[in-house]
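Beneath this line is the structure, given in structure tokens, with notes to follow.
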Amino acid sequence: MALQVVTAVTGAAWESELVGALDRADHGVTVVRRCVDVGDLLAVATTGTAQAVLLSAELRRLDGDAVARLTAAGVAVVGLVEPGDDQAAQRLHQLGVGRVLPADAEAARIAAALREAVGGSSGDARSGAGHDVGDPRAALPVLGLPEDPADRPDGRGRVVAVWGPTGAPGRTTVAVGLADEAARLGVPTLLVDADVYGGVVAQVLGLLDESPGIAAAARQATAGTLDVPRLARLAWAVGPRLRVLTGLARADRWPELRPQAVATVLDQARRLTALTVVDCGFCVEEDEELSFDTSAPRRNGVTTTVLEQADTVLCVSGADPVALQRTIRALGQLRDGLPDVDPGVLVNQVRRGPVPGDPRAEIGGALARFTGTRVVGFLPADRRATDAALAAGRTLAEVAERSPLRVALRALAAELTGAPLPARRRRRP
């Protein structure tokens, strides 16, 4: 059976010739409709009459959200650009189009790319596999990285997602502390506030919460114009090796963050720094799919996207019975919704009192018994140090260098990044 394809190629003199060449019987492709704009294309995609779409970079109102909706509708996307137009190829790649071909490619080659896109044989489009046109982003400079980073053999940084249940288990405290300590160990780090329910990274570090931050980065990603230099300009430089991409100024602005755009931001962040620490929201529910019979905005889609993209997921839990119960329920919900995500539990605010006996032994045993999830570490409670840091808008290392919480976060950063801890200085008697 012939592959049913729609085209959305505007302003190109070669469109008619291409459609005629693709319709030849020996290519196994049938062009069922020629769309004039994105609205027409999305309307056809929802009817289920097309298996793939062939579009050009010049298509009006084409953005990352449109490509994501096509993919969600089960329509494979292949892009066409004018020969030698690397900027258009880069834009299509950033919008999420995995296969981009020059417009003067032979019809047989284009038909083969359409069949491969429908079959999904190229692997992950984000990795660049299966691209017929070289990705121009590979030529961009990687800012702030050491010349020979041993922890980045493939030239791409790691993403660590700091997530946790509802309540106040200390997600932001852990994310800020982890990013700061990694930067102090010599690892170029980017801290991203992706909490759609009210991120406060800017307030914690004493930065302007009205700065563009992740909202501006997401807008550029949707338009296909985000690259490494632009991301670096949007992020605050709060230290020699630490940048911060602030979050939404108000929680009701969450529709500005689309999952596909955030995925592109993370992809560029991997090129910018060796380590990206993301402060996530708590909720991973997907009730939008139950409430709407069409594509709907997903508030929690940003969190699930970050968790899926991350190399390491840390589930921050409190150390009291209520917080532990919330953690157990959240881990069960995460396992049901995202079975491929394997988080490690980081128990925060550990102290004697709420849990009888040895807190570490009791909490570790309870989590292993009820969730089967590994505990990657325990962070001691140090309210005096965290209050001092919050009051000054500074990090723990700046206001309480010898805080037990700061020492534990430093050890965790060294373990995650592989950076050696500096030798302890001997104290004079």
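Just to be sure before I move on: is Gly177 touching a residue at least 40 places away in the same chain (Cβ under 8 Å) and assigned to a loop (DSSP other than H, G, I, E, B) in the structure I sent?
Working: touching a residue at least 40 places away in the same chain (Cβ under 8 Å): yes; assigned to a loop (DSSP other than H, G, I, E, B): no.
Taking the combined requirement at face value, the residue does not satisfy it.
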Next item on the list: Return a yes/no flag: does the stretch 192-213 have any residue that is outside any loop (DSSP other than H, G, I, E, B), more than 27 Å from Phe378 (Cα to Cα) and either aliphatic (A, V, I, L, M) or modelled with pLDDT under 95 (or both).
Entry: yes
Item checked: Phe370 vs. criteria modelled with pLDDT of 95 or more and either among the aromatic types (Phe, Trp, Tyr) or touching a His at 6+ places or on another chain (Cβ under 8 Å) (or both) -> no
Notebook entry, point to check: Among Val67, Val29, Val78, Val97, which is crowded, with 21+ Cβ neighbours inside 10 Å and either of a type in the set (S, T, N, Q) or farther than 28 Å from Asp267 by Cα (or both)?
Noted result: Val29
Checklist line | Among (1) assigned to a loop (DSSP other than H, G, I, E, B); (2) more than 23 Å from Leu178 (Cβ to Cβ) - the single one Thr264 does not satisfy | finding: (1)
Next item on the list: Show the residue pairs that are 6+ apart or on different chains and have beta-carbon atoms under 6 Å apart, the first residue being within the stretch 81-96 and assigned to a loop (DSSP other than H, G, I, E, B), the second being not β-branched (Val, Ile, Thr).
Entry: Glu82/Ala103; Pro83/Pro102; Pro83/Asp104; Gly96/Gly64; Gly96/Gln260
Next item on the list: Confirm whether Thr222 is of a type in the set (S, T, N, Q), under 24 Å from Cys283 (Cβ atoms) and under 16 Å from the mean Cα position of the chain (by Cα).
Entry: yes
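The values are calculated or read from the model by the stated rules, or taken from the named source; none is laboratory data. Keep in mind it's a predicted model, so treat the numbers as computed, not measured. A quick note on method: Cβ atoms are made from the backbone with ideal geometry, for glycine too, and the neighbour counts reach across all protein chains shown.
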